[in-house]
Structure formats: structure tokens, C-alpha cells
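Structure first, then comments.
The values are calculated or read from the model by the stated rules, or taken from the named source; none is laboratory data. Model, not experiment: these values are computed from the prediction. Using ideal geometry, Cβ is built from the backbone for each residue, glycine included, and neighbour counts are taken over all protein chains shown. Protein only, heavy atoms only, side chains kept; ligands, DNA and RNA dropped before computing areas. Shrake-Rupley method; radii C 1.70, N 1.55, O 1.52, S 1.80 Å.
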Amino acid sequence: MPEELLASFAVKRLSVLDEQGNVDDTLMPTLPEAEVRRIYEAMVLARTFDERALALQREGRLGTYPPILGQEAAQVGSALALSPDDWVFPSFREMGVHLTLGYPIHQLFQYWAGDERGQRAPDRLNIFPFCVSVGTHIPHAVGAAMAARYRRDPVVAVAYFGDGATSKGDFHEGFNMAGVFRLPVVFICQNNQWAISVPLKGQTAAATLAQKAIAYGFDGVQVDGNDVFAVYRATLAALDKARSGGGPSFIECLTYRMADHTTSDDAARYRSPDEVEAWRARDPILRLERYMAKRGFWSEEYGKEVKSRMTAAIDEAVQAMEAVPPPVAVEMFEHTCATLSQRQAGQLKEL
Ligand SMILES: Cc1ncc(C[n+]2csc(CCOP(=O)(O)OP(=O)(O)O)c2C)c(N)n1
Ligand SMILES: [Mg+2]
């Protein structure tokens, strides 16, 4: 018997907007000027939040904080494609997703200040709490997709995670189950190429992360994660597919963590300044500004006006966060578990 080719695979990379601000018209999603402005303003809001969070942490007003600098396109572009009924399962570095979905800004600050009340999403938002335990929320998202299928609910579960999470068993088990049951779930990996101090090549021998989906029987695509239009297009397509019964998809957003892993880290100890500088030139916001300027709807003046509007929103949120009265310990039990364990019931009684 001669050997025969059973299957062959290819992994595509999607990019729409280049570093000079030019777009590929055949791939550009239909976005009127007002929508592009909305995307830009959401990205500036995310960056302004991040800058303020770092400053507050340095003043001792927040706890350890994981910056999102450089990852705004991956977060905002994907979040804008979601429908309000979809379920979001974030990891710990997705504040740009929260902000874009309209999560109360003061609650984000509250969470990073160590107050669990910051995690209580308003009823209008289908967003799970931050998952600091790497990758453990991936099976949760798959379970939610299973529940949606069971209830014939046309919603999609969306799990966000980093490149480091792809080495976890949770990732592989979640992907396998999603593939076997063709569940309505979209996996979005922000491959920022570092998992604390471990570079991508220390994480996988594979050429891309996207190809890992192929082994589980569904599509994986690599997207330029600093290109907000590409991320938006890929997420919309994956959501449409999931909603119409086409099963799961995996989107690898190739991006870069411009800052330290968290405020407790010093990335200069393990990576070269040249690498960071090379990625600074690919800044996702600058790229969008160039696109808008070429079309005559971005100017220095408009940029300043947006920044000051976003700064005012952040100022207001900081004030709101600091005006929240201290937590009452017994209230915490109402929001953590549907039913209390014996031990928790004992603690509640003691309090
Ligand atoms: C189960 C588990 N193991 C280890 C850690 C410690 N830890 C926190 S973040 C991190 C790396 C995560 O890297 P990645 O998935 O690439 O996400 P990124 O930090 O780049 O956003 C590790 C190992 C953890 N939080 N949870
Ligand atoms: Mg990472």
C-alpha cells in the first residue's frame, strides 16, 4: 500500500490595516465614519484607564495591576463585535473588553483596589468575573456554550486568554469538548508573546497558536492583533458561524505586551529594549489615527479633545470609586456562591 495524503492543513493570517494606516479594501469591514470614531474613542478610553490605573497603583491606591498597553486593538476590536446576549469569560488582562462593553469604570478600579464588589457585573452585562487562575475559565466558557445549546439559546460564549494559557490542560480539554460537540464558543487568544518572563518559544514548538484548533477539528486563524479592523472582522465571522450552528472558532491575535506583566514585575530584566521599540512602532492607536487622518477625520485637535473627554470620564470614575463606602463583610456571601458550603455558613454565622 503506498502512503496516501489523508489531510493537509493551512493556517491563514488576516490583516486589514497596515502600519501606515492603509487598508485592504477587499477585507475592510463596512464601518461608517461614526463607527470608526467610536472604535477610536474606545481604544483611547482603554489606554487612559490603563495609564491612570498604573498611576493609582504607584500611589498605593490600587493593588497589583496588569497593564494592557499595546493590546487595545485586540480587546476593543473583539468586544465591539459581540452581541449584548453573548457571554464573556475574561482572564485578568481584559479591561479594554470591559470598558468597551460599558462595564462601570469605577467598579474596574474597585476590583483592582482589592474590593470584590468590583466584580459584581451589572445585570445588563453577561460577563463573568476576572479569572486570575490561568486558563481555568476556558472549560467554563465551553460549559456555558453547552448550556446555550441545550436551551436553544442563540448566544455565543467567548473566552479570552493569553498565550501562556495554551499550555494548560484546561485549554486542551476545553478545545476538545468544544470541537466534539460543535459548541457555539469563540476562543480569543491575545498572543502578546510573553507569559510573565517566558517567551512564546518557551511555550510551544508550533509555528502558530492558531493551528492548535485544527487538531481539535475546528478553524483557527491568526490575526494581526494590533489591527483593530482585522480583529473586528475575524470576531464577527466567528460569532456568525457559532450562531448559525457552525461550531467553535479560535482567533489568535498576535500582539505584544508593551509594559511589565504586572506592577510587581520588571520586564527589563528578561527582554531586550530593541524588541519593545520595534513593537512601539506598531502601536494600534497610532495606526488607526493614521487611517482616520488619511480620510480627513483625525486631527491633533480631535485627538486632544477625545483624550480630554476620556480623562474626564476616568477622573469621575476614580472619584466614584473612592466615594464607595467600605464593604460590609456579610454581604460578600450573597454574591460569591448560589448555596453556601457548611464552612461558609459557619463563617457567615460568626460574622
Ligand atoms: C493556574 C495558574 N498558574 C500560574 C499562575 C501564575 N501566572 C499568572 S499570569 C501567568 C502567565 C500568563 O501568561 P499569558 O497566558 O500569556 O497571559 P498574559 O499575562 O500575557 O496576559 C502565570 C503563569 C496563575 N495565575 N494561575
Ligand atoms: Mg502572554
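A few points about this structure:
- Most positive-pole-ward Cα, Met177, Phe161, Val198, against dipole of the range 160-292 from beta carbon charges: Met177
- Shape category assigned to the range 271-310 from the gyration tensor of Cα positions, a/c cut at 1.5: oblate
- Relative contact order computed over the range 237-346 (Cα-Cα under 8 Å; 6+ residues apart), in percent: 9
- Considering only Gly247, Ala267, Ser308, and ranking their Cα positions along the charge dipole of the chain that arises from unit charges at the beta-carbon of Lys, Arg, Asp and Glu, the one farthest toward the positive end is Gly247.
- For the range 123-219: rounded, prolate or oblate by the Cα gyration tensor [a/c cutoff 1.5]: oblate
- Remark: for residue pairs Lys201/Lys241; Lys12/Lys168; Lys12/Lys307; Lys12/Lys241, the C-alpha separation exceeds 26 Å in Lys201/Lys241; Lys12/Lys307.
- Helix-only [θ]222 nm of the chain, DSSP H runs n ≥ 4, -39500 (n - 2.57) each, per residue, nearest 500: -13000 deg cm²/dmol
- Considering only Thr30, Leu54, Ile285, and ranking their Cα positions along the charge dipole of the chain that arises from unit charges at the beta-carbon of Lys, Arg, Asp and Glu, the one farthest toward the positive end is Thr30.
- Each Lys and Arg adds +1 at its Cβ and each Asp and Glu adds -1 at its Cβ; summed about the Cα centre, the range 24-113 shows a dipole of about 500 debye.
- Length-normalised contact order for the chain - Cα pairs under 8 Å, 6+ apart - percent: 24
- Here the scattering of the range 247-351 is modelled by Debye summation over its C-alpha atoms, one equal scatterer each and no solvent; at q = 0.11, 0.13, 0.17, 0.23 Å⁻¹ the log10 of I(q)/I(0) is -0.80, -0.94, -1.03, -1.16.
- Bins of 20 Å, starting at 0 and running to the largest distance - Cα pair percent for the chain: 29, 58, 12, 1
- The order of the peptides 287-299, 133-145, 233-245 by mean Cβ neighbours within 10 Å, most packed first, is 133-145, 233-245, 287-299.
- The range 2-10 - phi-based ³J(HN,Hα) in whole Hz, Karplus 6.51/-1.76/1.60, Gly and Pro as x: x, 6, 10, 7, 7, 7, 9, 10, 9
- Of the listed residues Lys168, Lys12, the order by accessible area with a 1.4 Å probe, largest first, is Lys12, Lys168.
- Taken about its Cα centre, the range 215-320 carries a charge dipole of about 380 debye when Lys and Arg each add +1 at the Cβ and Asp and Glu each add -1 at the Cβ.
- Cα gyration tensor shape of the range 166-310, rounded if a/c is under 1.5, else prolate or oblate by comparing a/b with b/c: oblate
- The range 26-87: proportion of alpha-carbon pairs further apart than 14 angstrom, %: 66
- Charged-residue dipole, Cβ positions (Lys, Arg, Asp, Glu), the chain about Cα centre, Debye nearest 20: 520
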